[in-house]
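Colleague: Sharing a structure, written as structure tokens. Questions coming.
The values are calculated or read from the model by the stated rules, or taken from the named source; none is laboratory data. Computed from a predicted model, the values in this text were never measured in an experiment. We place every Cβ from the backbone using ideal geometry, glycine too, and count neighbours over all the protein chains shown. Areas reflect the complete protein model, heavy atoms only, side chains present, ligands, DNA and RNA absent. Shrake-Rupley method; radii C 1.70, N 1.55, O 1.52, S 1.80 Å.
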Amino acid sequence: NSLYLLGSFHALKPSDYPLSKAVNDAYADAELLVFEMAPEQLQSPELPARIAQVAVLPAGKNLQSLLPENTWLKLLEWSKQNPAFPAASLQRFKPWFVAMTVMNAQARSQGFEADKGLDQHIMNQATAAKKPSIGLETAEQQIALFDSMKMPAQIQLLNETLFDASASKKELEQLHQLWKSGEVNDFEKQTVAKM
């Protein structure tokens, strides 16, 4: 048997399609697809509400009280530049969730779309073709990965997301290009080695 391993970009640009012949041939040959999360869980309409439910701070706490002043001020500045995310609505959420919100908004501003992500694209194809697929992790495991982060790590994540926005934009474009070109060694240097 053959096993094909394809690194995924969870948000892509419309211009990234169609996929390469090598990817399409591997998909056509595959009898079973294995995703990070099973399609029925990732595409569940309840998932965003479940994530938001877990991400809400306990009663009596707010985001501003958890953050250093400079981080809160930077978030206020970001919120003014992104009016779809008023600071008052972010107050209810844990720092990890706010960091994810900022990252996703930044990616969208660069033309990356979650519904054009590789996972979604291949899941949609598999569903239409009734091709069997499973997930390596559950939605609960994915949510717990972020929610179990200690508060200093959550604040650090938000800090890095806010203060390194221009570097993050450049890095995302660079990773996108490396992914598209299949430069595995350079991609690994920019991700795994850095971590």
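Colleague: What do you get for Rg/Rh over the range 84-195 if you use C-alpha atoms and the Kirkwood form of Rh?
Modeller: 1.00
Colleague: Just how many pairs of Lys in the range 48-147 have C-alpha atoms closer than 27 Å, counting pairs that are eight or more places apart or on different chains? Each step should come with its number before you reach the end.
Modeller: Numbers: LYS61/LYS74; LYS61/LYS80; LYS61/LYS94; LYS74/LYS94; LYS80/LYS94; LYS116/LYS130; LYS116/LYS131.
Taking the range 48-147 as the scope, the lysine pair count is 7.
Colleague: I've got another one for you. Under 20 Å between alpha carbons, and skipping anything fewer than 8 positions from LYS189 in its own chain: which lysines qualify?
Modeller: Reachable lysines: LYS169, LYS170, LYS180.
Colleague: Turning to a different aspect of this structure: Could you order MET100, MET123 so the one with the most accessible surface comes first? Probe is 1.4 Å.
Modeller: MET100, MET123
Colleague: Related question: Nearest 10 degrees is fine. How inclined is helix 118-129 to the longest principal axis of the chain, computing both from alpha carbons?
Modeller: 50
Colleague: Which trypsin sites (Lys or Arg not before Pro) in the range 111-150 pass both tests, a DSSP loop state and at most 14 other beta-carbon atoms within 10 Å?
Modeller: On the way: sites: LYS116, LYS130, LYS150; in loops: LYS130, LYS150.
Here the sparse-neighbourhood loop sites are LYS130, LYS150.
Colleague: I'd like the carbon and sulfur percentage of the solvent accessible area for the chain, probe radius 1.4 Å, heavy atoms only, ligands and nucleic acids excluded.
Modeller: C and S fraction of accessible area: 57 percent.
Colleague: Treating the beta-carbon of each Lys and Arg as +1 and of each Asp and Glu as -1, no other charges, what is the dipole magnitude of the chain about its Cα centre, to the nearest 20 debye?
Modeller: Roughly 560 debye for the chain.
Colleague: Here's another thing I want to ask about it. Rounded, prolate or oblate: pick one for the chain, where a ≥ b ≥ c are the square roots of the eigenvalues of its C-alpha gyration tensor, a/c under 1.5 means rounded, and failing that, prolate if a/b is larger than b/c, else oblate.
Modeller: prolate
Colleague: Work out the FRET efficiency for SER181 and LEU136 from their Cβ-Cβ distance, taking R0 = 25 Å, and round it to the nearest 0.05.
Modeller: FRET efficiency, SER181 to LEU136: 0.45.
Colleague: Compute the signed sum of charges (Lys and Arg +1, Asp and Glu -1) over the other residues within less than 9 Å, Cβ to Cβ, of LEU63.
Modeller: Summing Lys/Arg as +1 and Asp/Glu as -1 gives +3.
Colleague: Also, quick follow-up: Helix 95-109: angle to the longest alpha-carbon principal axis of the chain, degrees 0 to 90, nearest 10?
Modeller: Computed tilt is about 60 degrees.
Colleague: Follow-up question, since we're still on this one. For the chain, what is the accessible area per residue in Å², given a 1.4 Å probe and the full set of protein chains?
Modeller: So the chain comes to 62 Å² accessible per residue, rounded to a whole number.
Colleague: Would you please name the GluC sites (Glu not before Pro) within the range 110-195 that are DSSP coil residues with at most 15 other C-beta atoms within 10 Å of their C-beta? Don't skip to the end; give the middle numbers.
Modeller: Values: sites: GLU113, GLU137, GLU140, GLU160, GLU171, GLU173, GLU183, GLU188; in loops: GLU183.
Qualifying residues, ordered by number: GLU183.
Colleague: Would you mind checking the tilt of helix 151-163 against the longest principal axis of the Cα atoms of the chain, expressed as 0 to 90 degrees and rounded to 10?
Modeller: 80
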